[in-house]
1. For H61, what residues show an amide H to amide H distance below 5 Å, using hydrogens built from the backbone and excluding near sequence neighbours?
2. For R66 and Q14, what is the calculated FRET efficiency with R₀ set at 30 Å and r taken between the beta-carbons, to the nearest 0.05?
3. Give the calculated FRET efficiency between H26 and L2 to the nearest 0.05, with a Förster radius of 35 Å applied to their Cβ-Cβ distance.
Amino acid sequence: MLVLDERHLQRVLQEYVAYYNTDRPHRSLGLVPPLPGARLQRVPNAPPSLIVARPILGGLHHAYQRVA
C-alpha cells in the first residue's frame with residue numbers, strides 16, 4: 001500500500017487500530033480481542049453456516065466470521 005499523504009496515513013492507521021483492537025485475536029488474552037464485541041455482520045436469510053469476509057485496509061487483509 002502506498003500512503004499518499006498525511007490524511008491517507010491517518011485513515012489507514014485508524015482502520016488498522018480498529019481491526020487490531022476489535023477483531024484480531026491476541027495470544028496473551030486467550031485468543032480474544034482486547035475490545036470484545038467485534039462488529040458482526042448480519043446477512044438477511046443467510047444459512048447459519050455462512051462465513052462472511054470483511055476487507056481490511058482496502059482488501060490487503062480480511063476478517064472472517066460466521067453470520068449469526
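1. Under 5 Å from the amide H of H61 lie the amide H atoms of I56, each far enough along the sequence or on another chain.
2. On the way: r = 26 Å, r/R0 = 0.87.
The formula returns an efficiency of 0.70 here.
3. Details: r = 29 Å, r/R0 = 0.82.
That gives a FRET efficiency of 0.75.
Throughout, read-outs are computed from the coordinates displayed, never taken from laboratory work. Keep in mind the model is a prediction, meaning the values are calculated, not measured. Note that we place each Cβ from the backbone using ideal geometry, even for glycine, and neighbour counts take in every protein chain shown.
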